Structures are given as structure tokens and as C-alpha cells.
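In what follows, a single structure is set out as C-alpha cells and then discussed.
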Amino acid sequence: MSNHVNGVNGVNSVNGVNGVNGVKPVFPENAASKEYAKALDAADPLASFRDKFIIPSKANIQSKRLAKPNLSADPCIYFCGNSLGLQPRATAKYMEAHLDTWASIGVNGHFTKIEDSPLDPWWVMAEQAAGSMSKLVGAAPEEVIAMGTLTSNLHLLLASFYKPTATKHKILLDWKAFPSDHYAIESHIAWHDGLDPKKSMVLIGPDEGEYEIPTQKILSIIDEHADEAALILLPGIQYYTGQYFDIKTITEYAHSKGLMVGWDLAHAFANVELKLHEWDVDFAVWCTYKYANAGPGSMGGLFVHEKHGNVDYSQGEDSPQFRHRLAGWYGGDRSVRFKMDNKFRPIPGAGGFQLSTSSATDLTCLNASLSIFDQTSISELRRKSVQLTAYLEYLLLKDTTDETRPFRIITPSNPEERGAQLSLLLKPGLLQRVADKLQSASIVCDKREPGVVRVAPAPLYNTYSEVWQFVEQLKAAFQE
């Protein structure tokens, strides 16, 4: 392997998907210097993408008054893209086009393609977003749709894919599933007469004292419950630990045991490379306000494999055969949607799972952000992310030992098993002090009680120099 990254000597290049077979960049002795971090930034081929985002200033981030962003001021360090991504500069342009369309032609905006507008007519804007999102998840455009929110989409897909029987009724899920996933699964089990979530929910957790869940353990739990399990739902990336699960292997194995397989990609979408169609995933859901930068509470997305999205008219035009779902009129084929005859003819693919008229305002923000992803590729972003996260890990661990270090990295060290996030489990009593220190230094990252700081340098807008500055401030907090 050549000994360089983007032209900077001393770091092994990482050119494969999710790293190179688990091999992370190796840094030279001088890599802990500020100058070295600057050299990495100077050689970064994606550096120009930072200018496509509005980075909050240090003054703005500390203020509690509504203010215009000061674009020329000293920017803060924003490592919280795993919770809410930054605003793209394109958002204002797209929103202006949307509002002008609404103001100038009213209802005709649903169907009229406006010249010089970056947006499609409102009634097909969800498909516009799906075309871009499909490239980020490794799917055909028809297998993806922008709609709803993650949890509402999860409920809709569970209604379609969770079909318990007297013998096969269990759902396997993550031990520390995000609360929405846990509640959704619990409620779907309780919805079916005779089923008890205490008996039908199976939590897959790590060994005592550990945080990473080995793939083999997941497979063994599938074996243990295969005769009674109907479905497995796991996060692509675990929000707390940052572990990136082996979606391909787990999906294939669960299918071999007769389980339906769904994935919550909230922390994986626009973060790591995905191949949902190739991996034969049955369904997946995600939000778009984290690494995808579409804005707080923005419209979510879902994937339904083409084998579940087929619509068969062999029994007649008025008797389409399709996978059962909770249906709504916007999932109906556009060619007959306005006949209003109450004969549901679903759009083939994921689009057939839509319900109501989509929010054009939400879709505007989503398409604005996706336009940035269309200018690069998830493989290019992943390549930088592997390097950026490895540099963060290198600086955190340098010149320390497990015994002297006041924290433990609970995210897997293997780059194939993590995304952009490192979760630092601090020793008891340190969390608030560290959080206060980082806040006073205008560094934004996420804390989770009782002792975890989640640090997520995003490749679109974060720099190696910011990683270096963060570690300096973190070490200073420990020494106070």
C-alpha cells in the first residue's frame, strides 16, 4: 500500500469501501502537530465543500438571541453532524425558488416545471429526492422514496412486513435501540392479540462490560430464536456506540433462517457506503437531518426492495396484486390518481407506500442538501471520513495508555465497523466538566448521560485542523 493520503507523506491511503479490509491510516511521529493537520487540510480534495455550508461563528454559538449568521467571523468547531447537520448555503436559494413558485403561480406549482428553478414540480419532488438518495444507499431510484419521518415510516413498514403467527412472532432488536425503534416495535407487538412484548421482543446485547456486539453473536442469537422469530430490526450504525453492523452478513443469515430483515439507517445514511439492493435488505428507514443536513425534523426516507414493490395486473386492471400496506392516495399511480375512483393502484416500488401529499417545503430543504451530495460520491466522502476519524483516534490515544487515559473509546477501532463517530466513555464525574469546557471553547458535540461524549467530524465540512484543536481542548479539560 502506498504511504500517502491525498499527497501528504506518512499516512497510508485508504481507497476501499469502509477502509481497506479493516486497515486504518498509519500516521508518522510528527502527525500530532498543528502543522501536520494543516498539511492534511491543504491536500484534501474535498476541502472546497466546506464553503457550501454555513458554519456558526463562535459568537453566534454562544448567543441566546436571534441573530443573522456572521459568515466572516471566527467559526466554531461543529462535531455534531450525528445529531443535526449544518445548513447548506444552497438551502436559501432552493427555498427562495420554492416560495417564488408558490407566490407566483399558486396551485399550478404542483404540475408546472419552472424554468431556471432547481426544483421539479411539487408532485414529483419526492421522486427528485429519491433519485439522489438512492445513490447514497445503493438502490434503484424506484426502491427509494422521500416521505414522512423515520418513526412514522418505520410504523408503516412494520405494518407491512411484520406478520406474526402463533409460532413465529418474535422481533429481534438492538439492546440499546434508539427509543423510537423500541417503542415502535413494542407497540406493533402489543397491537396483535395474544402477543406480549415481554415475550416477543428479543434484545441483542454485548457481553458483560463490553459495548461492541460481534457479528457472530448476532448470528448465534438468530439461531437461538429462529423458530419463533418473524423479523429482525437493527441500526445500521448504533447511535450510542457508533458501531457499524455488518448489514450484508446479518441480512443474508437472517434470510436463511426465514426472517424478514429491516434496518434503521438514521446514523448510516450519508455517512457510510450502503448497498441495500445488492445486500437483499427487505426494508430500511432513515432520517435526513443528521449527516444529510436537510434541517431539524426534515423529511425522512425509506427503502423497499424491488421484490416487495412489484404490482401485478395479471388478474385485471382493477385487481392489482401487491404487498399489503397501510395505503394512502399519494401512493397511487399518478396516471390515474386524479380519477378519484377509490380504486387503489399503487406506484410500483417504494413510491407506492406514500400516504398524503408531500410537504414541498420539507422536500425543498432536502433537495437542496442532496444537490451537494450529487457533486461528489459517498465513496469519496467515506474515504475522507475514514481518514478524519482515524486521525481523531490517533490524537486521542497518542502518548497515553488504558491505565492513564481518563476515557475509553467504545466505538470499534476497525474502520469497517464504524462511521464518522467516536464515542468516548469518560470516567465517572467528568462529563459535565468536559462538556462545559468544550462549550466555552465553542466546540459543539453531543453528550449522553451518564458519561459519553459523541464526537462526529463530518467529511463535507469538518477539517483535520478542527480535529487537532478539539483534542487539545479535550486534554486541557481533563487536566483542570
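The values are calculated or read from the model by the stated rules, or taken from the named source; none is laboratory data. All values derive from a computational prediction rather than experimental measurement. Please note: Cβ atoms are built from the backbone with ideal geometry, for glycine as well, and neighbour counts cover all protein chains shown. We work out accessible area using only protein heavy atoms, side chains counted, and drop any ligands, DNA or RNA first. Shrake-Rupley method; radii C 1.70, N 1.55, O 1.52, S 1.80 Å.
Points worth noting:
- Centroid-to-centroid, using Cα positions, segment 418-463 and segment 335-410 are 21 Å apart.
- Every Cα-Cα pair in segment 253-345 was counted, and those over 21 Å apart are 50% of them.
- Rough spin-label spacing in nm, given labels placed 7 Å along Cα→Cβ, for M95 and T357: 2.2
- Cα convex hull, segment 208-284: 89 Å³ per residue, rounded to a whole number.
- Packing, as the average of other Cβ atoms within 10 Å across residues, places the peptides 352-363, 203-214 in the order 352-363, 203-214, highest first.
- Charge-dipole axis of the chain as Lys and Arg at +1 and Asp and Glu at -1 on Cβ define it, positive-most pick from Q469, T215, V304: Q469
- Convex hull volume per residue in cubic angstrom - Cα atoms of segment 209-253: 84
- Given charges at beta-carbon only (K, R positive; D, E negative), |dipole| of segment 244-375 in Debye: 300
- Placing pseudo-labels 7 Å out from each Cα toward the beta carbon at H255 and V23 gives an inter-label distance of 3.1 nm.
- Ratio of the Cα radius of gyration of segment 19-169 to 2.2 N^0.38 Å, where N counts its residues: 1.50
- Computed with a 1.4 Å probe over protein heavy atoms only, the accessible area of H192 comes to about 60 Å².
- Where only C-alpha atoms are counted, convex hull volume of segment 316-447 per residue in Å³: 225
- Point-charge dipole on Cβ atoms (K/R +1, D/E -1) for segment 411-465, about Cα centre, debye to 20: 200
- Restricted to Cα atoms, segment 159-280 shows a radius of gyration and a Dmax of 13.8, 40 angstrom.
- The H on the amide N of Q243, modeled in the peptide plane, is under 5 Å from the matching H of Q238, each at least 5 residues off or on a different chain.
- Packing-based order for 288-294, 178-184, using average beta carbon neighbours within 10 Å, highest first: 288-294, 178-184
- Exposure ranking of K384, K93, K447, K24 by accessible area [1.4 Å probe, largest first]: K93, K447, K24, K384
- Using θ = phi - 60° in the Karplus curve 6.51 cos²θ - 1.76 cosθ + 1.60, the 3J(HN,Hα) couplings for segment 366-377 round to 5, 5, 4, 5, 5, 4, 6, 5, 5, 8, 9, 9 Hz; x is entered for Gly and Pro.
- Computed [θ] at 222 nm, deg cm²/dmol, the chain (DSSP H ≥ 4; -39,500 (n - 2.57); rounded to nearest 500): -10000 deg cm²/dmol
- For segment 100-221, alpha-carbon Rg over 2.2 N^0.38 Å: 1.53
- Fraction of antiparallel bridges per DSSP, the chain only, in percent to nearest 5: 60
- For segment 244-291, pairs of C-alpha atoms spaced more than 18 angstrom apart make up 25 percent of the total.
- Debye equation applied to the C-alpha atoms of segment 390-480, log10 I(q)/I(0) at 0.16 Å⁻¹: -0.61
- In segment 329-400, taking the dipole from charged Cβ atoms about the Cα centre, the farthest positive-side position among T357, T389, I378 is held by T357.
- Just so you know, the Cα atoms of segment 151-191 work out to an Rg and Dmax of 10.1, 28 Å.
- For segment 62-138, the orientation-averaged shadow of the C-alpha convex hull comes to 8.0 nm² (one quarter of the hull surface).
- Heavy atoms of D402 accessible to a 1.4 Å probe, total area in Å² rounded to 10: 120
- All other residues whose Cβ lies under 15 angstrom from that of G309 are scored, Lys and Arg at +1 and Asp and Glu at -1, for a net of -4.
- Residue-wise HN-Hα couplings along segment 391-403, as the Karplus relation 6.51 cos²θ - 1.76 cosθ + 1.60 with θ = phi - 60° gives them from phi, are 5, 4, 4, 4, 5, 5, 8, 4, 6, 9, 10, 4, 6 Hz; Gly and Pro carry x.
- P(r) tail, segment 17-98: Cα-Cα pairs separated by more than 15 Å, 74% of all pairs.
- Listed values for segment 105-115 are Karplus-derived 3J(HN,Hα) couplings in whole Hz (6.51 cos²θ - 1.76 cosθ + 1.60, θ = phi - 60°), namely 10, x, 4, 5, x, 5, 10, 9, 7, 8, 4, and x replaces Gly and Pro.
- Stretchable slack from A190 to A166, in nm (0.36 nm times residue separation minus alpha-carbon distance): 7.2 nm
- Summarising the overall dimensions of segment 356-417 from its C-alpha atoms, the Rg and Dmax are 18.8, 57 angstrom.
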